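None of the figures in this text is laboratory data; all of them are computed from the coordinates on show. The structure displayed is predicted, hence computed values, not measured ones. Every residue, glycine among them, receives a Cβ derived from its backbone with ideal geometry; neighbour counts consider all protein chains shown.
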Amino acid sequence: MKIGDSIDGSVWVALLVREGDQPVETMADVAREALANRTLSLGVVPYLPQSGAVLPAGRAAGAVSNVKLQVQLPSLPPSGGLLDSEGRVPRYKTLDTTATNDVFTQPGVIQIHLPSKAELALWNNIDPLEAGVNDLPPALDDASIADRVITWLRLRPSPATDAQFFWMGINAVSISQRARIIGEQLPAGTGEPDQLLQLSRSPILPGTVRLTVSPARESAVWREIEDLGIAGPEVKVPDLRLPPGTEPDVSGPTLVFTVNAESGEIQCGDGLRGTRPPEGAALRADYEYSLGKAGNVGAGSINTSPALPGGFTVNNPVATWGGADAETTAEGEKQVSRYLQHRDRLVTRADFETITLRTPGVEIGRVEVLPTYNPELNGQGGDAAGAVTVMVVPAFDAKQPDAPVPDREFLNTICGYLDSRRLVTTEVFLRGPDYVGLWISIGIDTVPGINDGPVREDVKNAIKDFLAPTAGGIEELPDDPAGLLMTPSSQINLLTNQQRGWPLKKTVNALELAAVAGRVPGVQLVRQPVLLAQDDGVAVTTVPLTGLQLPRILGIRVSNGDPVRLDELRGAPAGVTGSTASVVQVPVIPEECR
């Protein structure tokens with residue numbers, strides 16, 4: 001849904017009487033009474049191109065910009081109708097709204113503050129032929145719905161923009177993945193220093209753990225802190241330097257504990273720093289945990305919640321994202337030296353690559369960093385100071401397994417992770433690859449006495465691996481962090497084509513494909529020429545690639561003998577190049593005037 005493509009540049013939301021409420025005239029006043037001075041939550045999901053996103057310089061991603069989504073309500077004169085003296089031009093007033101973030105770039109919720117009952121009305125003299133004309137609300141073809149309209153809300157950006165939206169809906173809230181455990185019984189207190197307690201579920205959401213210690217004499221709620229080193233002793237020790245009778249001072253809290261969020265382990269104090277749980281004390285914990293990557297679900301997967309009261313239903317119109325599993329010990333150890341290099345700041349080319357690959361919640365198959373490059377410059381990309389382009393390829397794509405493309409949630413997750421780590425003056429462009437379709441036909445002679453079927457299949461797989469956009473699976477940086485300090489040219493030699501996928505800006509050459517086929521065991525001879533073509537089907541010897549372009553095999557045929565014609569491979573008649581659209585005459589019944 002692109003606002004700029006609409007006739008009046010607006011999105012209209014109708015407030016209706018519920019379908020089962022009768023009579024409509026009476027229930028309209030009841031509905032206005034119920035809606036007056038209330039807050040309406042409008043969920044907005046912007047439509048972002050799947051191939052790219054931008055972190056603008058000088059502004060955080062999702063921060064409220066000077067472009068806002070205004071919500072307007074009809075402003076009626078005392079007569080309640082359009083005034084002929086004003087040319088029957090409708091007037092609107094802007095309502096107060098509060099947005100969680102910039103809904104033009106990130107999903108968010110707009111809180112719309114509705115006015116009084118008297119203002120929730122619609123003009124009473126709109127002619128049926130005027131509906132939808134100029135600034136008037138649109139016409140509704142279904143009379144049963146039109147009769148239930150209380151008023152209209154008009155949504156339009158200020159100033160005009162070419163923004164697009166994927167979804168809008170009322171009664172929307174942002175959700176987070178979490179489950180709550182109440183009163184989990186833990187092992188009894190031992191009275192020993194540094195007692196460890198293991199929670200049954202993990203990872204734990206920080207700041208949600210509440211520990212209740214119930215010894216025989218009393219119960220107390222202990223609270224979580226980051227470091228037991230700042231806790232005070234469990235016994236108040238008098239300061240001999242103070243006058244007699246002075247109350248002993250305890251520096252820092254005493255009924256505290258720390259939590260390892262990843263493992264779900266609770267550590268109590270040793271007496272000197274924090275109180276020890278008394279021997280035999282009953283310990284219970286309330287906390288919240290998440291499922292990590294398993295909590296990323298598709299649209300429409302959430303339809304219930306134990307926390308909902310009766311009569312409420314829920315649904316998620318878009319897929320959830322951002323859930324991630326904890327790093328393994330080996331992965332964490334590999335990142336220690338790299339963290340000392342970049343200090344979690346995006347400065348050098350290696351910093352961008354290292355930190356992007358560590359983004360939680362996504363599985364990245366390949367990262368390419370192009371400094372001082374703007375892919376939007378002149379429509380084809382070009383050098384630009386202060387710009388950095390990061391090309392990301394997901395490790396898996398169910399829709400295009402051979403040519404993965406990052407989706408909206410994938411890019412949003414990386415945007416959110418990189419935004420707080422970049423320099424404020426750096427403009428970051430996140431892009432997926434631009435795939436160039438290829439048709440390949442190869443003829444081979446196999447070694448005598450060998451079954452040619454498996455050999456032809458091996459040649460086909462070798463060509464696919466050679467031109468693949470990724471090396472397969474999740475990309476990992478070299479174990480030796482010294483490789484990150486090399487020059488870009490040395491880094492390219494370190495991360496070879498077999499590790500990364502097809503290099504950017506490298507030309508696809510038919511002779512090179514012949515060499516790859518000739519190295520396959522069982523191939524005696526590769527017949528010339530190797531036929532190579534793009535979408536148009538015209539045979540060429542090379543296909544130059546520029547910018548963020550990567551090859552994608554649209555069709556490949558390996559034959560025993562001479563290669564088959566490209567026309568036959570593409571399924572087009574001989575001598576026909578490119579795609580031709582067939583024209584079919586379809587009768588159209590003219591609309592009837594009503």
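Key figures
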read-out: Fewest-first sequence of 364, 556, 450 by Cβ atoms within 10 Å of each Cβ; value: 450, 556, 364
read-out: Taking the C-alpha atoms of the range 3-170, convex hull volume expressed per residue in Å³; value: 135
read-out: Lysine pair count for the chain [Cα-Cα under 28 Å; pairs on different chains or 8 or more apart]; value: 16
read-out: Proxy reagent accessibility, fewest Cβ within 10 Å first, across 262, 333; value: 333, 262
read-out: Residue 286-residue 139 pseudo-label distance in nm [points 7 Å out on the Cα-to-Cβ vector]; value: 5.8
read-out: Cα coordinate range in the chain, projected on the principal axes (Å, largest first); value: 102, 81, 46
read-out: Tail weight of P(r) past 19 Å, computed on alpha-carbon pairs of the range 329-424, percent; value: 48
read-out: Distance between modelled label sites at residue 182 and residue 372, nm, 7 Å Cα→Cβ extension; value: 6.1
read-out: Additional length obtainable on full extension of the chain from residue 423 to residue 447, 0.36 nm per residue less Cα span; value: 2.7 nm
read-out: Calculated FRET efficiency for the pair residue 565/residue 363, C-beta based, R₀ 25 Å, to 0.05; value: 0.05
read-out: Ranked 287, 339, criterion: other C-beta atoms within 10 Å, fewest first; value: 339, 287
read-out: Summed side-chain charge close to residue 196 - residues other than residue 196 whose Cβ falls under 13 Å, Lys, Arg +1, Asp, Glu -1; value: -3
read-out: The range 425-478-the range 258-329 distance, computed between alpha-carbon centres (Å); value: 42
read-out: Order by protection proxy (mean Cβ within 10 Å, highest first), peptides 350-361, 462-473; value: 350-361, 462-473
read-out: The chain: relative contact order in percent, alpha carbon pairs under 8 Å with at least 6 residues between; value: 13
read-out: DSSP bridge pairs, the chain: antiparallel proportion in percent, nearest 5; value: 80
read-out: Span-like helix ranges in the chain, DSSP H, alpha carbon extent 15 angstrom or more, Kyte mean at least -1.0; value: 24-35, 408-419, 452-467
read-out: Most positive-pole-ward Cα, 185, 269, 204, against dipole of the range 179-290 from beta carbon charges; value: 185
read-out: Sites residue 25 and residue 158 - FRET efficiency at Förster radius 30 Å, r taken between beta-carbons, to 0.05; value: 0.25
read-out: Label-point separation in nm, residue 230 to residue 196, each point 7 Å along Cα→Cβ; value: 2.5
read-out: Sites residue 279 and residue 212, calculated FRET efficiency, Cβ-Cβ separation with R0 25 Å, nearest 0.05; value: 0.90
read-out: Residues in the range 87-127 reached by a label modelled at residue 146 [backbone nitrogen below 14 Å; 7 Å Cα→Cβ]; value: 125-127
read-out: Stretchable slack from residue 305 to residue 47, in nm (0.36 nm times residue separation minus alpha-carbon distance); value: 90.1 nm
